[in-house]
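What follows is a set of notes on a single structure, which appears directly below.
The values are calculated or read from the model by the stated rules, or taken from the named source; none is laboratory data. If you're wondering where the values come from, they're calculated on a predicted model, not measured in any experiment. When we count neighbours, we look across all protein chains shown, and the Cβ atoms used for this are built from the backbone with ideal geometry, even at glycine.
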Amino acid sequence: MSFLTPLFLLGLAALAIPVLVHLTQRERKSVIAFPSLMFLKKIPYESVQKRRIRDWLLLALRLAALALIVAAFARPFLRGSEIAAAAGGAREIVVLLDRSYSMGYGDTWSRAQRLAGEAIASATPADRVSLVLFADNAEVALRSTPERSRAVAEINAAAPGPGGTKYGPALKLAGSALAESLLPRKEVIVVSDFQRGGWQPDDTLRLPGGTVITPVLVEGASGPSLALTPATLLRTRDAGQPERVTVTAGVLNRTAAPATKVPVQLEMDGRIVQTLSLDVAGNGSASVTFAPVSIAATTTRATVRLGLETPKGVAVQTGIAPASSAVDALARDNVFNFVITPSAPVPVTVVTPGTRGDANLYLTRALAIGEAPRFETSLQSVEALAGDAANRARLLVLNDVAVPEATAVKLVTFVEGGGGLLMALGPRASWPQGREAWLPATMGAPVDRTRGAAAKLSGMDYGHAVFEPFRAPRSGDFSTARFYSYRGLKAAKDATVLARFDTGEPALVEKAIGLGRVVMFASTIDLSWNDLALKPVFLPFVHQLGRHLSGFREQPSYLTIGEVLDITAAEVAAGATSSASRSEGNRTVLAPSGQRRDLAMNSGSSASSVALELLEQGFYEIRVGGREAGPVIVAAANVNLAESNPERMDPKELVAGVTGGGAAGSTGGQDVLPDEAQELAQRVWWYLLFAGILLLIAETVLAQRLSRATR
Amino acid sequence: MSVHQPIPGARFVDPAVLARIGNLEMVAKTVVDGLINGTHRSPFFGASVDFAEHRGYVPGDDIRRMDWRVYARTDKYYIKEFEADSNSNFSVLLDVSKSMSFGEKIAKLDYAKTLAACLTYLANQQRDRVGLVTFDEGIVDHVPPSAKHMDVVLHTLDRAKAERPGHLVAPIKRLAEHFGRRGIIVVISDFYAEPSEVFDAVGLLRFRGNDVVLFHVLDPQEIDFSFVEPSSFEDLESGDQMPIVPAALADQYRSLVTAHIEALTARASQQQIDYMLLNTSQPLDYALFRFLSMRERMAHTR
């Protein structure tokens, strides 16, 4: 029952009036003068109050009449879906079966299958059944069929996956399936363990009006429940020694019972390296640190595992331990995979004009400092660039170099393939005529500021990645650097000016070309035209420029299922040169389950990266198609730790969230008529008003009779 | 002393009928003469006279009044002259508070006025000095006791009206200071006050040596509480209203009134004060008869 003008229901407060009249007016209408109330006041008041309402029938008539009239003014009506639900008929049933990895705890999944099967068995032959399997994502396993046996077969064939629980996508999918249905009754049956982490209230999520949601709670098995938290890696590098890493793993105990002597083992490339044991208090956590191990030259697949030794090969492929060796009934959160990658340097080629070998001293020294990333600098002559030298670098720095035509052609290819180019302009810098449109800016004549005040940098674009670290106050002052000369620049339309001189002329201009970037600096990167290299901001500035132009992004040692792997960034981090990461070959992905598939690279796209969504627990391997020479990217995928949290929500909360607290939403396709039209068609108010008037007449007759009887 | 003939049928006349007679003196005479006619042995009749002197017998004197002992000694006829004891003060304290205006057939005040007139007349016949005080929350009218104030008393009684709320204690305490001479004080009221308050006040009169008589005048409805319809009851004096369902309260009310009367009776007995409950539905002379009988009885016991 809905109301068109529900505010009129406030008039129900008027129901108090007849009650008050019955309680007060009756006594007030005849007043008897009495000498003194001295004795009457001594009698307890309750005995006076109790028998006030005598004409209950009269009062009931008055109240009913008033309530009916108020209800008539509120214009009640039944929505189409409500009428349909009341009338009965065939049902459109959507069964949402949770297959998150927490459903794999003990025999939870078999019970869930049985309950889902029972729900489907309750359908009549006239009903239609859909089956949606959901975890992080939802997929329709079976769409609106009257064949219940098929639905049961699909349920029996399904298995819990590595994903976490998310009810939103599943309910949206159910909503769209129900909206398409023409059957009068709609029902959603949610079979799940109802983990609290899976439900985020969403105001936009509404099922069609009249939809009945039936939550079916699958009780989990009792017993120990341990989970591994993400391992932390501490890298150390001693002089002359290979890089070493110390792995620290944490263990969470989700139950109140303490766990003692839990074996924790560290595996690397399928071999068990160390096995330790630890005690975890009830509802507590503990950590264990393994002895440092040397990092191999290639990427190492590492796994921390709770439990006993696992047969070799299984861990490498799937990362999942057999149930028999696990410390609890939920195996997926007992394994944590990660990769240990040797920190590969970013190859940088600094091009010198030849005559000034010491001109790049400050730049090369600055780049030599730092670990993340480590820049490996090499010096080349501009002539060497015409050969194959550029292909071995991710970043080229041209410091006051006159670029000949042949080199320019190479540079264009280099940048469009994903390389970075930094052009510092001095008196000798030049670019072939006719190719200037390719550059971010057109070079002008040198501007001499040796007389008077030197130029300063101002107007930095602190929102840009190069200057973002300097955004906060006292995070680097560029204004102290003095520029005695610089080349006048005229920025291209599609270029971005990152910094300007105090005269307003561009100082740093960037342009994205193909998969790479070009940055032009209007002055030299040595001491010949400015003293920037002597300022404290020089080192972080150069590092930021190098990191940005080379496309370097620090790669995490692990990802969570459902996250996306940026393959290009991973290749850069793995030390790929621009030619190796160029879009000239497809990537082949080897999933943890052993499935192999190719990722098509869209060479025509300006996008500088390609992504891969991780859907399985274990190690993904990505190779450049047709070439084994490129770096092999290995990514570790782990289950979402939140899913191992057994805390449950009240299923009613979910039902209320979707149906709006019992009042079914009106987003469905059935309630196509506006409320006014439905109310107008039904005219319930008229009947209510008529009934109210009849009751008032009856009340009048009764009141008169009672009055006569009293006289 | 002349004896008037009673008006036939005037005895035990309905008070409501008496109330319609405007002349209080006539009412009083009607009631009292009728009463005395039937009670020759009233203790008031000749009981309060003392020997004054002897005088010589003249024909026509009542030979019963001849002093035979003097005749035996002197051989002469002497008549004993008695002097009536007319020095006693007789005052009526009449409550004229608003609550006295209540009454279904006769207002309590009218009944009380008639009673006061009768008593005054009776006392005046005894050669007592008669006075009257009407009071509510204060003193309204004050007629000092005097042998010549009979008319003034009746006139004052005639004018008395119940208009204001009353308070028993304060006016009586003030009056106690004025009654310097011992006498008979009759208090006529409905006594809507706690018994302790009532006797705190009238006790002052009693302690000064007065003979105090309390007439508690109540309407039958005040005693029986025979109301039926649920109504709002309004206090005549304070104006307070209370919604009342009489059927639910009558028993408790009656028991409270009975307890009040019993308490007044008990306290009166303790302080040697005459107390008498008068129901306005009862004939006035019947009330007077009961009163005189009680006085006689008390006179024997005291």
Subject >> All positions within region A:326-346 that are under 26 Å from residue A:633 (Cβ atoms), over 25 Å from the mean Cα position of the chain (by Cα) and aliphatic (A, V, I, L, M) >> reply: A:340, A:344, A:346
Original post:
Can you tell me which of A:249, A:259 is surrounded by 18 or more Cβ atoms within 10 Å (Cβ to Cβ), in contact (Cβ under 8 Å) with a residue 60 or more places away in the chain and within 16 Å of residue A:557 (Cβ to Cβ)?
Top reply: A:249
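Only one residue in A:149, A:122 is of a type outside the set (Val, Ile, Thr), farther than 19 Å from residue A:213 by Cβ and out of contact with any Cys (no Cβ under 8 Å at 6 or more places or on another chain), so which one is that?
A:149
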Original post:
In region A:522-548, which residue that is within 24 Å of residue A:345 (Cα to Cα) and hydrophobic (A, V, I, L, M, F, W, C) is nearest to the chain's Cα centre (by Cα)?
Top reply: A:545
Subject >> Verdict on residue B:190 being more than 10 Å from chain A (Cβ to nearest Cβ), touching a residue at least 40 places away in the same chain (Cβ under 8 Å), crowded, with 17+ Cβ neighbours inside 10 Å and under 24 Å from residue B:97 (Cα atoms) >> reply: no
Original post:
Can you pull out the strands (runs of 3 or more DSSP E) entirely within region B:208-285 that have at least 2 residues that are at pLDDT 85 or above and within 14 Å of another protein chain (Cβ to nearest Cβ)?
Top reply: B:211-218, B:231-235
**OP:** Test residue A:33 against the stated conditions and say whether it is away from chain B (no Cβ under 14 Å) and either assigned to a helix (DSSP H, G or I) or at pLDDT 80 or above (or both).
**Re:** no
**OP:** Spot the failing condition for residue B:80; the list is (1) of a type in the set (D, E, K, R); (2) loosely packed, with under 14 Cβ neighbours inside 10 Å; (3) touching a residue at least 12 places away in the same chain (Cβ under 8 Å), and only one is missed.
**Re:** (2)
**OP:** State all residues of region A:171-202 that are of a type in the set (Ser, Thr, Tyr) and not in a helix (DSSP H, G or I); if no residue qualifies, say none.
**Re:** A:181, A:192
**OP:** Please verify whether region A:631-640 includes one or more residues that are out of contact with any strand residue (DSSP E or B) (no Cβ under 7 Å at 6 or more places or on another chain), aliphatic (A, V, I, L, M), crowded, with 18+ Cβ neighbours inside 10 Å and at pLDDT 85 or above.
**Re:** yes
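Before we move on, is residue A:390 surrounded by fewer than 17 Cβ atoms within 10 Å (Cβ to Cβ) and over 38 Å from the mean Cα position of the chain (by Cα)?
Here the answer is no, as residue A:390 does not meet what is asked.
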**OP:** Give region A:507-534 a look and list any residue that's touching a Gly at 6+ places or on another chain (Cβ under 9 Å) and charged (D, E, K, R), or say none.
**Re:** A:517, A:526
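Only one of A:432, A:446 is outside any helix (DSSP H, G or I), in contact with a Gly (Cβ under 8 Å, 6 or more places away or on another chain) and either within 24 Å of residue A:367 (Cα to Cα) or assigned by TED's automatic domain parsing to the domain that holds residue A:364 (or both); which?
Being outside any helix (DSSP H, G or I), in contact with a Gly (Cβ under 8 Å, 6 or more places away or on another chain) and either within 24 Å of residue A:367 (Cα to Cα) or assigned by TED's automatic domain parsing to the domain that holds residue A:364 (or both) holds for just one of A:432, A:446, which is A:446.
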**OP:** Among residues belonging to region A:520-563 that are part of a loop (DSSP other than H, G, I, E, B) and of a type in the set (Phe, Trp, Tyr), point out the one that is farthest from residue A:612 (Cα to Cα).
**Re:** A:529
**OP:** Identify, from the list A:171, A:178, the residue that is in contact (Cβ under 8 Å) with a residue 12 or more places away in the chain, under 26 Å from the mean Cα position of the chain (by Cα) and buried (at least 22 other Cβ atoms within 10 Å of the Cβ).
**Re:** A:171
Subject >> Number of the condition not met by residue B:185 [criteria: (1) touching a residue at least 40 places away in the same chain (Cβ under 8 Å); (2) assigned to a strand (DSSP E or B); (3) within 14 Å of chain A (Cβ to nearest Cβ)] >> reply: (3)
Original post:
Looking at region A:478-493, is at least one residue over 14 Å from residue A:537 (Cα atoms), assigned by TED's automatic domain parsing to the domain that holds residue A:520, free of Cβ contacts under 8 Å to residues at least 40 places away in the same chain and not in a strand (DSSP E or B)?
Top reply: yes
Original post:
Considering region A:593-619 alone, what residues qualify as being part of a strand (DSSP E or B), modelled with pLDDT of 85 or more and within 21 Å of the chain's Cα centre (by Cα)?
Top reply: A:618
